[in-house]
């Protein structure tokens, strides 16, 4: 190994890329220089980083360290409750600055000199089963949503099937029902139905929603007749295996009919119209961008069925904040409103399922599944490309089961983007998963500490481990767990 390789390996270590790893047999392995160079470029290792991040995590009742660049001296601490206190940030022997201990968990604001820093102060651990069980024992069931098929669901399972299983489980004394992921997939490509390869983990798969939760059985039955999909839905329900394209086409036609009726009446106002408007306002830019992507991808595929990857679209369409996308959104306002409608429908349907699970006696209710990554051709990567490590996929090195390693073709959130945005992409994802759940399973949870990344075009054996800010992420998980009592 020459001096250039030594320097490259040192750069990789400083950037959080492990230049070495140990295989399943205990043999030490070195990462190829090409892999290190590509990953260094991918994570922006040579770009200047913010000296003081906008959010710093800490533990309750422990002093919180800040980078030396934050400065010391008199400061104002604004607690999440709005209470204000004058404090002093002290220099430490280790070169860092230290905030005195804070006795309350939460997202507090530190006003120091001319800057404001969010202090995410976490409890010692997540909300626990003991806090629910109070010394008793608990048990639950697990189910794939698409296995909970029932008459009227179109053959693919839905939130009503979840609620029915929860009621049965509650009668048997269960406390939890763990589910497969409910993340948004690709409405325009129903053949991409893998729940662990979502378009976005910030939104839901509307095909899994029971529309009767919002509109009632009578309106749904009328919409099925209007859409002319009764026979198609019965055929899908009777099939041994799921035909995702046919089932999705029928259910989306049903949703279109519901939307047409709702949209025509929405101008008159009423409870549902107000609820929908509030949902759209609360969803903000993230929700609007997801709806724009869904509409834009559908339009591109209608023109060319092979045009499925936004990374190959014209440059103007790859810019979600650009004039071309804005013009498309203005021209396709009703289509975008339909995709907003789908997310509203799904959100309210899953809220109803969790409420029914809890009312059936499940002390935890639904346990959601948070996928480890997202599809690089999907909504999140298009709307927030700086969040995502494009150009590499999550996978795993060779092991006893896969001698060639694995490439899961999933994009990861950039650890640098997490730190520089106050962990916004991570927190948004976590909160979306906790929204209608009493607990979550974090898929491949070691990804909070490190992920095996495979540069595009390279074999899984040619990947490397990228370090993530595990201490920060675990604190944020604990804090959000307590805030959601999940």
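Note the direction-averaged projected area, equal to a quarter of the hull surface, for the Cα convex hull of the range 1-106, in nm².
Here the figure is 10.6 nm², rounded to one decimal.
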- Query: What percentages, rounded to whole numbers, describe P(r) for the range 16-57 computed over all alpha carbon pairs with 5 Å bin width beginning at zero?
  - Reply: 5, 17, 18, 16, 15, 11, 10, 6, 1
- Using a 10 Å cut-off on Cβ atoms, rank the peptides 384-391, 137-144 from the highest mean neighbour count down. 384-391, 137-144
- According to the square roots a ≥ b ≥ c of the eigenvalues of the Cα gyration tensor, what is the shape class of the range 272-345, taking rounded for a/c under 1.5, prolate for a/b larger than b/c otherwise, and oblate for the remainder? prolate
- Message: At 0.36 nm per residue, and after removing the present C-alpha to C-alpha distance, how many nm does the segment from residue 69 to residue 24 gain when stretched out fully?
- Response: 12.0 nm
- Contour excess over end-to-end distance, with Cα ends at residue 462 and residue 449 and 0.36 nm allotted per residue: 2.7 nm
- Query: How much mean residue ellipticity at 222 nm does the chain get from its helices, if each DSSP H run of length 4 or more adds -39500 (n - 2.57) and you divide by all residues, to the nearest 500 deg cm²/dmol?
  - Reply: -13000 deg cm²/dmol
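Above 30 angstrom, tally the Cα pairs of the range 144-366 and express them as a % of all pairs, no decimals.
On the way: 6123 of 24753 pairs.
For the range 144-366, the share of Cα pairs beyond 30 Å comes to 25 percent.
From the Cα gyration tensor of the range 326-388, with a ≥ b ≥ c the square roots of its eigenvalues, which class applies: rounded if a/c is under 1.5, or else prolate if a/b is larger than b/c, or else oblate? Numbers along the way, then the final one.
Values: a/c = 5.03, a/b = 1.61, b/c = 3.11.
It comes out oblate by the Cα gyration axes.
Tell me the volume per residue, in Å³, of the convex hull enclosing the alpha carbons of the range 252-304. Write down the numbers at each step before the final one.
Values: hull volume 4.8 nm³, N = 53.
Measuring per residue, one finds 90 Å³ for the Cα hull of the range 252-304.
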- Message: Give me the percent relative contact order of the chain, please, defined on Cα pairs under 8 angstrom at least 6 residues apart.
- Response: 19
- Please tell me the relative contact order of the range 327-486 in percent, rounded to the nearest whole number, where contacts are Cα pairs under 8 Å and at least six residues apart. 24
- Using a 10 Å cut-off on Cβ atoms, rank the peptides 339-351, 93-105 from the highest mean neighbour count down. 339-351, 93-105
- For residue 312, placing the label point 7 angstrom along Cα-to-beta-carbon and taking the range 368-391, residues whose amide nitrogen sits under 18 Å are 375-379, 382, 391
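Read-outs: derived from the displayed coordinates by stated rules, not from any lab. Not measured: the values here are computed from a predicted model. Cβ coordinates were reconstructed from backbone atoms using ideal geometry, including for glycine residues, and neighbour counts include every protein chain displayed.
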